[in-house]
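Trainee: Structure incoming, see below.
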Amino acid sequence: MKFLNVEIPVKNLPELDQGFVPLGLFFKHYSMGATKPLCIAVERSGGQIGTWECKVYDTPEMAEADAYYVDRLVKFLLWSWGGFKVYICGDDKLAEGIKKAYSVGGSREFDKNFMEGVYEREFEVVALPYDQKPAAFQKTESVGRHTNGARIGFDAGGSDRKVSAVIDGETIYSEEVVWYPKVNTNPDYHYLGILAAMETAAAKILEKGRKVDGIGVSSAGVYIDNKCMVASLFLKVGKEDFDAKVKNIYTRAAEDLGRILGYEIPVVVANDGDVSALAGAMGLGENGIMGIAMGTSEAVGYVDGEGNICGWLNELAFAPVDGQPDAMEDEWSGDIGCGVKYFSQDGVNKLAPRAGIELDETEPPAKRLKVVQGLMAENDERAIKVYESIGVYLGHTMGLYAQFYDIHHVQMMGRVMSGRGGDIILETAARVMDEEYPDVKFRPEAPDEMTRRVGQSSAAASLPEVK
């Protein structure tokens, strides 16, 4: 395939999406002929700076490819690392294009506003000469893996909430409850659901004659000091209610549970992607783990080779994976070709009609997913094509992620990975990687069925340190 004057040899395309342009292969083959050095740096809180060295062509015939490459690269790095300032070092023209995109009315205005909400700083794009590029500086921290005491682990997903009661490392109770957080405008709906789940798990702990020693929360979104800065779970909640009732929603629920029980309970809140990586690291007893939960969205987390969290956003749901010009648009960010439409129930619902499966568009996405899963349980050929196509997406995207992360294992979790469909995704992804990315050593894998669905809530229970 030829894309923006770059020849991309592709052996595997999704049967239900033949226009798919694997971004990882585009990056790789674009870079082969580029010669002009460029450095992209991203700054975030605490003076931390990530740097990415690359090259561009800087020729008239490759101008469009240069602009696209840098646009997609900046987008990927921002949603991987997070940050409020981007430095483009070595090409003022390309820097001006990025500055225009990340401005009011620009193509990446959503990204600009999101990062400003997370870091509470004005977003900037700065052009520098290549020889004045900033130095990289990154910090990591250990998190979780505490198993002593009686703990509650809560995992807030977009279509269901999960809670576990864990005593001295053993999960004694887990439950899933369907809820609809993304369509509710009243934050009391979310709060009451969270508190009810915590009360249920607390009751199971009390039945064992123990007190609740700590609460760990895994939740979609960005959390700083246990406060919710941005989260799609609360998409319909107005700003005033968000600031008053959502930013502290988990700590407030923990405080209220403590009041009911008569003692203070420590709580730690973490991004659900990081908790999925933590769950994988705990299950394997290894590090260098990427965890991916395919549910309402794509939740990604990463535990580095030392077993630490890097403090990155890892919100790869909004990072690009597909270069095709007519890729599906994410209704939240307004961008196209991003992971959320490939590795979530939206991905299944996108492909199902192309396979000839009729879905009721008035039903919530989770219910439409269940229809496809029901057909998969019957070995319906149409459902098989859906999951095989997602497997091709995943195989190519693992090759992309491997360019940016030092990965030893990828653990796949979430509702989309349940059942035989999840097995097909893994089998297909492994085959694609064997044929297209033989130099990448890992292959995506999955824990047992129960851990796929509720492992995050159990791992979340290990977050607080209990004395």
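Trainee: Has the range 287-306 got any residue that is touching a residue at least 40 places away in the same chain (Cβ under 8 Å), in contact with a Lys or Arg (Cβ under 9 Å, 6 or more places away or on another chain) and in a helix (DSSP H, G or I)?
Mentor: No, the conditions are met nowhere in the range 287-306.
Trainee: Do we have residue 233 as modelled with pLDDT under 95, surrounded by 14 or more Cβ atoms within 10 Å (Cβ to Cβ) and of a type outside the set (Ser, Thr, Tyr) here?
Mentor: So residue 233 passes the test.
Trainee: If you check 71, 58, which single one turns out to be over 30 Å from residue 384 (Cα atoms), over 27 Å from the mean Cα position of the chain (by Cα) and either crowded, with 16+ Cβ neighbours inside 10 Å or of a type in the set (Ser, Thr, Tyr) (or both)?
Mentor: Working: 71 fails: over 27 Å from the mean Cα position of the chain (by Cα).
Answer to the check: 58.
Trainee: Here is a follow-up. Restricting to the range 305-348, and then to whatever is among the β-branched types (Val, Ile, Thr) and surrounded by 24 or more Cβ atoms within 10 Å (Cβ to Cβ), can you tell me which residue is farthest from residue 226 (Cα to Cα)?
Mentor: 348
Trainee: Go through the range 353-467 and tell me which helices (runs of 4 or more DSSP H), entirely inside it, have 3 or more residues that are buried (at least 24 other Cβ atoms within 10 Å of the Cβ) and modelled with pLDDT under 95.
Mentor: Once the helices (runs of 4 or more DSSP H) in the range 353-467 are filtered for at least 3 residues that are buried (at least 24 other Cβ atoms within 10 Å of the Cβ) and modelled with pLDDT under 95, what remains is 449-460.
Trainee: OK, next. Do we find a residue being buried (at least 16 other Cβ atoms within 10 Å of the Cβ), in a loop (DSSP other than H, G, I, E, B) and either at pLDDT below 95 or of a type in the set (S, T, N, Q) (or both) anywhere in the range 249-256?
Mentor: no
Trainee: So, in the range 273-288, how many residues would count as being under 9 Å from the mean Cα position of the chain (by Cα), open to solvent by 10 Å² or more (accessible area, probe 1.4 Å) and either within 24 Å of residue 419 (Cβ to Cβ) or modelled with pLDDT of 85 or more (or both)?
Mentor: Of the residues in that region, 0 qualify.
Trainee: Select from the range 94-114 the residues that are surrounded by fewer than 14 Cβ atoms within 10 Å (Cβ to Cβ) and among the basic types (Lys, Arg) and list them in ascending order.
Mentor: Within the range 94-114, just 100 meets the criteria.
Trainee: Out of all the residues in the range 210-225, which are open to solvent by less than 40 Å² (accessible area, probe 1.4 Å) and out of contact with any Leu (no Cβ under 6 Å at 6 or more places or on another chain)?
Mentor: 212, 213, 214, 215, 217, 218, 219, 221, 222, 223
Conditions (1) of a type outside the set (Phe, Trp, Tyr); (2) closer than 30 Å to residue 265 by Cα; (3) touching a Lys or Arg at 6+ places or on another chain (Cβ under 7 Å); (4) open to solvent by less than 20 Å² (accessible area, probe 1.4 Å), marked per residue:
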site: 116; (1), (2), (3), (4): yes, no, no, no
site: 132; (1), (2), (3), (4): yes, no, no, no
site: 171; (1), (2), (3), (4): yes, yes, no, no
site: 179; (1), (2), (3), (4): no, yes, yes, yes
site: 186; (1), (2), (3), (4): yes, yes, no, no
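Trainee: Looking at (1) open to solvent by 10 Å² or more (accessible area, probe 1.4 Å); (2) at pLDDT 85 or above, find the lone condition where residue 291 falls short.
Mentor: Unmet for residue 291, out of (1) open to solvent by 10 Å² or more (accessible area, probe 1.4 Å); (2) at pLDDT 85 or above: (1).
Trainee: Sticking with this structure for a sec: One residue is enough: does the range 139-147 have a residue meeting the conditions out of contact with any Pro (no Cβ under 7 Å at 6 or more places or on another chain), outside any strand (DSSP E or B), of a type in the set (Gly, Ala, Ser) and exposed (fewer than 14 other Cβ atoms within 10 Å of the Cβ)?
Mentor: Checked the range 139-147: at least one residue is out of contact with any Pro (no Cβ under 7 Å at 6 or more places or on another chain), outside any strand (DSSP E or B), of a type in the set (Gly, Ala, Ser) and exposed (fewer than 14 other Cβ atoms within 10 Å of the Cβ).
The values are calculated or read from the model by the stated rules, or taken from the named source; none is laboratory data. Owing to the predicted nature of the structure, the values given are computational and were not obtained by experimental measurement. Every residue, glycine as well, gets a Cβ built from its backbone with ideal geometry; the counts of neighbours run over all protein chains shown. The protein model used for the area step is the full one, side chains on, heavy atoms only, and it has no ligands, DNA or RNA in it. Shrake-Rupley method; radii C 1.70, N 1.55, O 1.52, S 1.80 Å.
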